[in-house]
Each structure stands twice: as C-alpha cells, then as structure tokens.
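The numbers here are math on the coordinates, done by the rules we state, and not lab data. Keep in mind it's a predicted model, so treat the numbers as computed, not measured. Here the Cβ positions follow ideal geometry from the backbone for every residue, glycine too, while neighbour counts run over all protein chains shown.
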Amino acid sequence: MLTLGFMSLSHEHEKTYAEELAKMASDYGIRFIRFTPLDISPGSTLVKALTYHSKSGQWNEVEREIPELIYDRCFYGKDQQSKKAKPIVDWLKKYPKTKFLGLGLPDKWTVYKALRADPILKSYLPATSLAGSAQDVLRRLTKEKKCILKPAYGSGGRGMIHLEMTGKTVKASYQVGKHKQLKSFSKQASFETWCKKVLQHRYLLQSFLDIQDKDGYPCDIRLLLQKNGAGEWATAGRTVRRSYQHGLLANLAGSSESVSFDSWLLSVPKKRQAVLLDDLETISQAVPRALEFAHGPLFELGLDICLTKDGKVWLLDVNSKPGKKAFLQYSPENSKLLHQGPLEYCSSLAASPDKKGAEKG
Ligand SMILES: Nc1ncnc2c1ncn2[C@@H]1O[C@H](COP(=O)(O)OP(=O)(O)O)[C@@H](O)[C@H]1O
Ligand SMILES: [Mg+2]
C-alpha cells in the first residue's frame with residue numbers, strides 16, 4: 001500500500017485539510033500519515049508520524065518508514081523550528097526512496113524571470129526589476145510617480161512597500177500588522193538612507209497597479225491550479241480576496257475576506273467579463289508550462305491576479321504552496337474536488353511513476 005506523508009512544520013497546521021485527506025485516502029488505496037521534518041529519527045529512515053483514526057476522530061502516534069510520497073506543506077519563517085527543518089527537507093528531497101508531489105518555487109525574482117521568458121505571460125506581468133539601489137527606486141519614481149517594493153522572499157503581503165512621489169517628496173506606506181504606516185521624506189538624502197537600509201534585503205521594484213475596485217476595496221483574484229488524476233493541469237478553485245476600504249493589500253492577514261468569484265464577476269462590466277475569463281484561461285494554461293519548464297514538475301499553484309480599472313488583467317504572484325481555506329468558503333461543491341486532488345494525483349503517480357513525473361530535487 002502506498003503511503004502519502006503530509007509534511008508541515010507543526011501537527012496543528014492545516015489540521016482540517018489533513019483530516020479530510022486522511023478520511024478519503026483509503027478510498028484511493030493510500031495510507032495517509034502526517035509528520036514534521038523534525039519527526040524523522042536522526043540516522044534512521046523511520047519517522048514518528050500520526051495516523052488518523054476516523055471512529056474516534058483522533059490522531060495516533062505510529063512509527064513508519066519515510067513515506068514514498070510527500071505532500072510538502074511547510075511554510076518557513078525566521079523561527080528556530082524553520083531553521084532546523086529546512087536542511088532536513090533539503091535532505092529528504094534528495095532521498096532516493098521518496099518523491100515530493102511538487103517542489104517549492106524559488107524566490108519571486110527567479111520566478112518572475114521564468115514567467116517573463118514566456119511570450120504570452122510577458123504581457124500580463126507588471127514591469128519589474130531587481131531593486132539594486134535607492135537611485136534605481138528614485139529613477140522609477142521620477143518616471144512613474146508610484147511604485148512598489150516587494151520582498152523577493154516575502155509572503156502573505158509582509159514587507160510590501162508602496163512609494164509615491166509628489167514634487168520632491170517621497171511617501172512610503174506599508175502595513176505593520178493591521179495598521180498602515182506612513183513615512184514622508186522631503187529630502188532625497190534621507191530617503192536614500194532609509195531605502196539603503198531596506199534594500200539590505202532583496203526586493204523587487206514593480207510598477208504600481210491600482211487594485212482597488214470601484215468602491216475602493218483592494219481585490220485580488222485567486223486561482224488554484226492542480227494536476228488532476230490524468231496528470232493534466234486544471235483549475236481547482238477560484239475566489240476573490242478583498243481587504244478593507246482604501247487599504248494597500250488584498251491579502252492582509254486578519255483583515256481580508258474571501259468573496260465568491262461568481263458574485264464578484266457580476267460587478268465587472270458585462271463587456272469585460274468575457275475578456276477577463278479568457279485572460280484567466282490563458283494565464284492558467286501558460287503559468288504551469290513556463291514554471292515546469294524552468295523548475296521541473298509541480299503539483300499545484302496559486303495565482304494572484306488583478307483587474308485594473310482600465311480592464312487590464314495582471315499576474316501579481318505565483319505560490320507553489322497555496323492555502324485552501326479561501327477556496328473552500330464559497331464552493332462547498334468544490335470541497336470534495338479539492339480534497340480529492342492530491343489523492344488522485346498520488347494514485348496516478350503510483351500507476352505510472354515515471355510518466356507522471358513527481359519529482360525529487
Ligand atoms: N504591483 C502591485 N501594485 C499594487 N498592489 C500590488 C502589486 N503587487 C502586489 N500587490 C498587492 O500586494 C499583495 C501581496 O503581493 P504578492 O505579490 O502577492 O506577494 P505575497 O503574497 O507573497 O506577499 C497582493 O495580493 C496585492 O494585493
Ligand atoms: Mg501573494
């Protein structure tokens with residue numbers, strides 16, 4: 001019997017999602033366990049894992065071999081747990097007896113370059129460069145008046161900085177938790193000093209897009225793409241994330257909500273709806289192709305897309321470990337499909353491991 005290991009940094013992470021997968025796994029002839037990288041016993045190929053007991057609704061401890069297939073749901077932070085786990089996962093990716101459903105993606109700049117190399121996707125990407133110096137940023141601001149600094153290793157909207165130039169004054173706004181912070185620099189030298197400090201980390205410099213809807217709420221369209229049982233990419237979920245009025249980001253943790261894609265679509269002028277759907281389809285087909293070409297096989301992707309007031313569609317961000325919650329909220333009929341996704345893909349890998357190409361790295 002094939003074993004699928006759901007690997008995350010804590011046993012509490014995505015508990016409901018893991019539980020649903022565990023309940024359905026036996027229908028696919030799959031044994032389901034969950035574990036953290038630190039549960040692997042050093043110097044052995046055994047892992048102290050948890051299995052789900054559906055009658056009692058409990059997770060019980062078991063000791064198993066490292067599973068043949070791993071669904072990697074580790075989200076690394078700056079904490080000790082992350083620091084210890086990362087090298088173990090890197091080791092696991094090379095361990096010949098296991099396969100990852102999908103490798104993670106590299107940093108945003110590397111991903112951007114892979115997307116940019118695709119002639120179709122090129123026209124959906126906001127102008128982006130690597131922010132090398134304060135001078136780079138000032139040059140862009142002089143030209144465009146507004147721009148974005150986006151951390152190359154960021155997620156969840158953390159570290160995003162909006163910049164705006166009025167006359168000689170530069171204003172920087174960013175979120176600290178739920179609060180919008182504003183810094184104003186009337187002297188170029190003071191902006192340069194601040195910017196230099198910021199740019200000690202790797203940032204992308206990107207054209208600003210007005211992602212607010214007609215009522216001033218920042219919105220992102222989220223698409224979840226997964227490989228189906230035949231190993232073909234398909235859209236497994238669509239939703240819209242919306243944050244507070246006049247906010248900066250659509251994905252602000254704690255302050256953004258998920259809106260049904262279909263009802264949101266009705267607020268888009270009729271003549272634009274068909275074009276938007278067409279663009280979403282084009283992007284959905286092109287992104288997996290471009291990223292698999294550059295970085296090897298993947299299992300799922302989350303796309304952040306926005307529609308600006310002029311009707312143009314932009315691809316803002318691609319995630320290789322998309323969250324599922326927002327997709328489940330408005331389409332319970334999709335819930336089964338979403339939970340089946342990884343299991344179907346696993347059983348297709350088991351049927352023809354070489355053809356379907358799960359990878360290790
Ligand atoms: N060029 C841009 N102009 C305006 N807003 C943006 C731009 N890029 C991203 N955003 C907003 O910031 C949010 C976070 O950016 P994103 O690129 O998705 O990074 P991450 O989600 O990894 O933090 C997006 O969901 C979107 O709401
Ligand atoms: Mg994002």
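Along the chain, the exposed loop sites are GluC sites (Glu not before Pro) outside DSSP states H, G, I, E and B with at most 14 other Cβ atoms within 10 Å, and the longest stretch free of them is 13-231.
Taking neighbour counts of Cβ atoms within 10 Å as a proxy for exposure, in what order, fewest first, do His339, His246 appear? Spell out each step's value before the answer.
Values: His339 20, His246 11.
If I rank by nearby Cβ atoms, fewest first, I get His246, His339.
Rounded to the nearest whole Hz, the Karplus-based 3J(HN,Hα) values (6.51 cos²θ - 1.76 cosθ + 1.60, θ = phi - 60°) of region 334-343 follow the sequence 7, 4, 4, 4, 5, 6, 5, x, x, 6, with x at glycine and proline.
Here the Karplus relation 6.51 cos²θ - 1.76 cosθ + 1.60, evaluated at θ = phi - 60°, turns the backbone of region 42-49 into coupling constants of x, x, 10, 10, 9, 10, 7, 10 Hz, with x for every Gly and Pro.
If you take every DSSP beta bridge fully contained in the chain, what fraction is antiparallel? Give it as a percent rounded to 5. Write down the numbers at each step before the final one.
Working: 62 of 74 bridges.
Percentage antiparallel, nearest 5: 85.
Near Cys147: Cβ cut-off under 14 Å, other residues only, Lys/Arg at +1 and Asp/Glu at -1. The net charge is +3.
In the chain, helical runs assigned H by DSSP with n ≥ 4 each contribute -39500 (n - 2.57); averaged across all residues and rounded to the nearest 500, the mean residue ellipticity at 222 nm is -10000 deg cm²/dmol. Taking trypsin sites (Lys or Arg not before Pro) across region 40-139, the ones in a DSSP loop with at most 14 further Cβ atoms lying within 10 angstrom of their Cβ are Lys55, Lys78, Lys97.
How much of the DSSP beta bridge set in region 2-100 is antiparallel, as a percent to the nearest 5?
So the antiparallel bridges amount to about 45 percent of the total.
Our estimate of slack between Lys23 and Arg158, defined as 0.36 nm per intervening residue step minus the Cα-Cα distance, is 45.2 nm.
Can you compute the FRET efficiency between Gln58 and Arg139 using 1/(1 + (r/R0)^6), with r the Cβ-Cβ distance and R0 = 56 Å? Round to the nearest 0.05.
Details: r = 60 Å, r/R0 = 1.06.
For R0 = 56 Å, the calculated efficiency reads 0.40.
Using a Gaussian network model of the chain in which every pair of alpha carbons under 10 angstrom is joined by a spring, one finds that among Leu92, Leu307, Leu265 the greatest mean-square fluctuation is at Leu265. For the residue pairs Lys15/Lys312; Lys86/Lys171; Lys197/Lys324; Lys97/Lys227; Lys150/Lys183; Lys146/Lys309, alpha carbon separations beyond 28 Å are given by Lys15/Lys312; Lys86/Lys171; Lys197/Lys324.
Rounded if a/c is under 1.5, else prolate if a/b beats b/c, else oblate: with a ≥ b ≥ c from the C-alpha gyration tensor eigenvalues square-rooted, which is the chain? It is prolate, given that a/c is not under 1.5 and a/b is the larger ratio.
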